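Read through the structure below, which is laid out as structure tokens, and then see the notes.
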Amino acid sequence: MTEIDYDLAIIGSGPGGYVAAIKAAQLNMRVLVIEKKDLGGICLNWGCIPTKSILRSAEIFDYIKHSSDYGIKTTSVKPDLMNIIKRSRSVAKKLSDGIDFLFKKNKINLIYGKASINEKKEIIIVSKQQ
């Protein structure tokens, strides 16, 4: 078992976790973030951000379908669902990579794994590498 002291350990890198980590690091704290899967958490990777990206594609498709209302004629317009999803994943990946960049810039240590707190109030990490 390896024991390392940090000023702050954050479990999860969702919107609250990554912002707190960056701010703490800017205040010269030694920061550790433990993340189960993807930087940015559920919101950035599977919820809010990808959903907004898909909704934006639907909005543009609707504009094109009704373009004749604005004097623009179109023919044979159809959505490409595979590319709509591909774009939403690309948007999420770009933002997640941005968090990774900020962690490195601010010298935030990151461990991928599942964290829990034991009865001694110690953080136990089951790393993905194991």
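The values are calculated or read from the model by the stated rules, or taken from the named source; none is laboratory data. Since the model is a prediction, treat every value here as computed from it, not as a measurement. We place every Cβ from the backbone using ideal geometry, glycine too, and count neighbours over all the protein chains shown. For the accessible areas, the whole protein counts, side chains as well, though only heavy atoms, and no ligand, DNA or RNA atoms are used. Shrake-Rupley method; radii C 1.70, N 1.55, O 1.52, S 1.80 Å.
Structure summary
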{"read-out": "Other-chain or far-sequence residues with amide H under 5 Å of ILE11's (modelled H)", "value": "ILE34"}
{"read-out": "MET82, MET29, ranked by accessible area, largest first (probe 1.4 Å)", "value": "MET82, MET29"}
{"read-out": "Within the chain, helix-based [θ] at 222 nm, where runs of 4 or more DSSP H residues each add -39,500 (n - 2.57), nearest 500", "value": "-15000 deg cm²/dmol"}
{"read-out": "Heavy atoms of ASP100: accessible area, 1.4 Å probe, square angstrom to 10", "value": "40 Å²"}
{"read-out": "Under 20 Å from the Cα of LYS114 - lysines, other chains or at least 8 residues apart", "value": "LYS36, LYS37, LYS128"}
{"read-out": "With at most 16 other Cβ atoms within 10 Å, longest stretch of the chain clear of loop chymotrypsin sites (Phe, Trp or Tyr not before Pro) (DSSP)", "value": "47-130"}
{"read-out": "Within a Gaussian network of the chain (alpha carbon springs, distance under 10 Å), most fluctuating of LYS120, LYS37, LYS94", "value": "LYS120"}
{"read-out": "List LYS73, LYS105, ordered by accessible area with a 1.4 Å probe, largest first", "value": "LYS73, LYS105"}
{"read-out": "For the chain, built as a Gaussian network whose Cα springs stay under 10 Å, the top-fluctuating residue of SER67, SER116, SER96", "value": "SER67"}
{"read-out": "Residues of the chain: accessible area per residue with a 1.4 Å probe, Å²", "value": "74 Å²"}
{"read-out": "Prolate/oblate/rounded call for region 46-126, Cα gyration tensor, a/c under 1.5 rounded", "value": "prolate"}
{"read-out": "Helix 81-105 axis, angle to the chain major axis (alpha carbon atoms, nearest 10°)", "value": "30 degrees"}
{"read-out": "Solvent-accessible surface ranking, highest first, for CYS48, CYS43 at 1.4 angstrom", "value": "CYS48, CYS43"}
{"read-out": "Among PHE61, ILE124, LEU95 - extreme Cα towards positive end, dipole of the chain, charges at beta-carbon", "value": "PHE61"}
{"read-out": "Solvent-accessible area, 1.4 Å probe, carbon plus sulfur percent, for region 66-112", "value": "60 percent"}
{"read-out": "Selected from ILE99, ILE60, ILE11 as most flexible by GNM, with the chain as the system and alpha-carbon contacts under 10 Å", "value": "ILE60"}
